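Student: Quick one: the structure is below, and I'll ask about it shortly.
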Protein chains: 2
Amino acid sequence: MAPAEDPAPDPAVDPRVHRTRQDVLRAALGILTTEGWDAVTHARLAAHAGYSKVTIYKHWPTRTDLLRDALGQLADIPHHAPTGDLRADLIGEMRAFRDGIRDHGLDRAMAVLGEQARHQADVAAVRDQLVSGGDRIVRELLATRLSGTELLAGTRMLSGAMFYSALMYGHVPDDDIIVTTVDILLRGTAAPA
Amino acid sequence: MAPAEDPAPDPAVDPRVHRTRQDVLRAALGILTTEGWDAVTHARLAAHAGYSKVTIYKHWPTRTDLLRDALGQLADIPHHAPTGDLRADLIGEMRAFRDGIRDHGLDRAMAVLGEQARHQADVAAVRDQLVSGGDRIVRELLATRLSGTELLAGTRMLSGAMFYSALMYGHVPDDDIIVTTVDILLRGTAAPA
């Protein structure tokens, strides 16, 4: 499991150090989405990613540091680039969300994050930042015709339908259901004729 | 955490045995929704619920038995009783879902279940049964005007919006957002005038 593209490396960081960090964080996110929160430990990662525990502790002194940076990779999953056609852009953005679920286990990572956020304030802050960033494009698209409670409801109906279908029904949404979902939302929020 | 009402006890079961089972399963669901899947162990439950490990092993020989029955309690969370007014019934059923989230940690239990279902076929069967039962009323209500992909999309937009709001935004949906969500869906799925 890995984001589609690496963020540009910080030029001040030794490329080997950058590579080590990326390797470990990818492994951490992979373990998180397949085995859950408790499985992500320094010892497990050292065995899995082939670095020493000392190296991993040097980069991430605590498990919280490690989990925060591992989850931070979710922000790198690509979004749709809006074109100005609202329907096509909403469909494109929901497809990008679906691809993140299918290719990167995004729904499982989000579920773990949502669950853990309930009793850990630092994890709740990571969740809030990722969810707000993840929904930014769909929210901005819908804000061209909705505001207030309708904007909140509309955003959650679209993202929620994708997430719920994948996590709770085990069905990664296909294009047909994505188009139908977007069309119901657009008809339901159109100005009356 | 507990279902609102106990199912009628099996007359063949000693009332003390019935009470023991209920006590342990409530404690198990409480631990599951606050501390996660791995925390639900026979030893932990013995300490928490005040019964011996031997007793708990006698009722549930494996952790899977224990988790299956603990999650089975979610099926007892009350639903809305339909009245024949589609809008009022959808709002009532979404309020019942919201109350389950607020009072019983239903969203967290569902998230844990969705996550664990990915790599355990027996857990996936428990998830499928609970989700299908949980969405039965909203699906039957929407089936009075929708079918096929529209019925799938509509069900997931309603339940998904509630679940996503609670789990990923940490906002248990209020009545205002429930009514707005239902109204968008009904407008979006009305026959053209």
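The values are calculated or read from the model by the stated rules, or taken from the named source; none is laboratory data. Please read all numbers here as calculations on a predicted model, not as lab measurements. Here Cβ is always computed from backbone atoms with ideal geometry, including for glycine, and neighbour counts include all displayed protein chains. The accessibility values were calculated without ligands, DNA or RNA, using every heavy atom of the protein model including side chains. Shrake-Rupley method; radii C 1.70, N 1.55, O 1.52, S 1.80 Å.
Student: Out of the total accessible area of segment B:63-193 (probe 1.4 Å, heavy atoms of protein only), what percent is carbon and sulfur?
Tutor: Here carbon and sulfur together make up 52 percent of the probe-accessible area.
Student: Taking the Cα atoms only, what angle lies between the long axis of helix A:175-188 and the longest principal axis of chain A, rounded to 10 degrees?
Tutor: Between helix and principal axis, roughly 50 degrees.
Student: Let me understand the protein assembly as shown better: what is its radius of gyration from the alpha carbons, and its Dmax, in angstrom?
Tutor: My reading of the Cα-based Rg and Dmax gives 22.1, 73 Å.
Student: Starting at 0 and stepping by 10 Å, how many percent of the alpha carbon pairs of segment A:23-95 end up in each bin?
Tutor: The calculated distribution, bin by bin, is 19, 40, 17, 16, 8, 0.
Student: So, one more: As an exercise, identify the trypsin sites (Lys or Arg not before Pro) in segment B:134-170 lying in DSSP coil whose Cβ has no more than 14 other Cβ atoms within 10 Å.
Tutor: Of the trypsin sites (Lys or Arg not before Pro), the ones in loops of segment B:134-170 whose Cβ has at most 14 other Cβ atoms within 10 Å are B:Arg145.
Student: Note the angle between two axes, namely the Cα long axis of helix B:63-72 and the longest principal axis of the Cα atoms of chain B, as a number of degrees from 0 to 90, rounded to the nearest 10.
Tutor: The helix B:63-72 is inclined about 40 degrees to chain B.
Student: At a 1.4 Å probe, which residues in segment B:143-191 are at least 50 Å² less accessible with all protein chains present than in their chain isolated?
Tutor: Residues of segment B:143-191 that lose at least 50 Å² of accessible area once the other chains are added: B:Thr149, B:Arg156, B:Met157, B:Phe163, B:Tyr164, B:Leu167, B:Met168, B:Tyr169, B:Ile177, B:Ile184, B:Arg187, B:Gly188.
Student: Taking every pair of alpha-carbon atoms in chain B, what share in percent sits in each 10 Å bin, from 0 to the bin with the longest distance?
Tutor: Histogramming chain B at 10 Å steps yields 8, 33, 32, 18, 8, 1, 0 percent.
Student: Give me the summed buried accessible area for the A-B pair, 1.4 Å probe, to the nearest 100 Å².
Tutor: 4300
Student: Here's a follow-up. Select from B:Gly148, B:Gly160, B:Gly105 the residue whose mean-square fluctuation is largest in a Gaussian network model of chain B (Cα-Cα springs shorter than 10 Å).
Tutor: Residue with maximal mean-square fluctuation among B:Gly148, B:Gly160, B:Gly105: B:Gly148.
Student: Using θ = phi - 60° and the Karplus curve 6.51 cos²θ - 1.76 cosθ + 1.60, what whole-Hz ³J(HN,Hα) does each residue of segment A:149-165 get, with Gly and Pro shown as x?
Tutor: Each residue's phi maps through the Karplus curve to give 4, 5, 5, 4, 4, x, 4, 6, 5, 6, 4, x, 5, 5, 5, 5, 4 Hz.
Student: Relative contact order for chain A using alpha-carbon pairs under 8 Å, separation at least 6, rounded to a whole percent?
Tutor: Once normalised by length, the contact order is 20 percent.
Student: Oh, and also: Tell me the per residue accessible area of chain A using a 1.4 Å probe; a whole number in Å² is fine.
Tutor: Result: 44 Å² per residue.
Student: Per 5 Å bin, what is the whole-percent P(r) computed from every C-alpha pair distance within segment A:80-188?
Tutor: So the P(r) values, bin by bin, are 2, 12, 22, 24, 20, 13, 5, 1, 0.
Student: Roughly how tilted is helix A:86-104, in degrees to the nearest 10 and between 0 and 90, from the longest Cα axis of chain A?
Tutor: The angle comes out at about 30 degrees.
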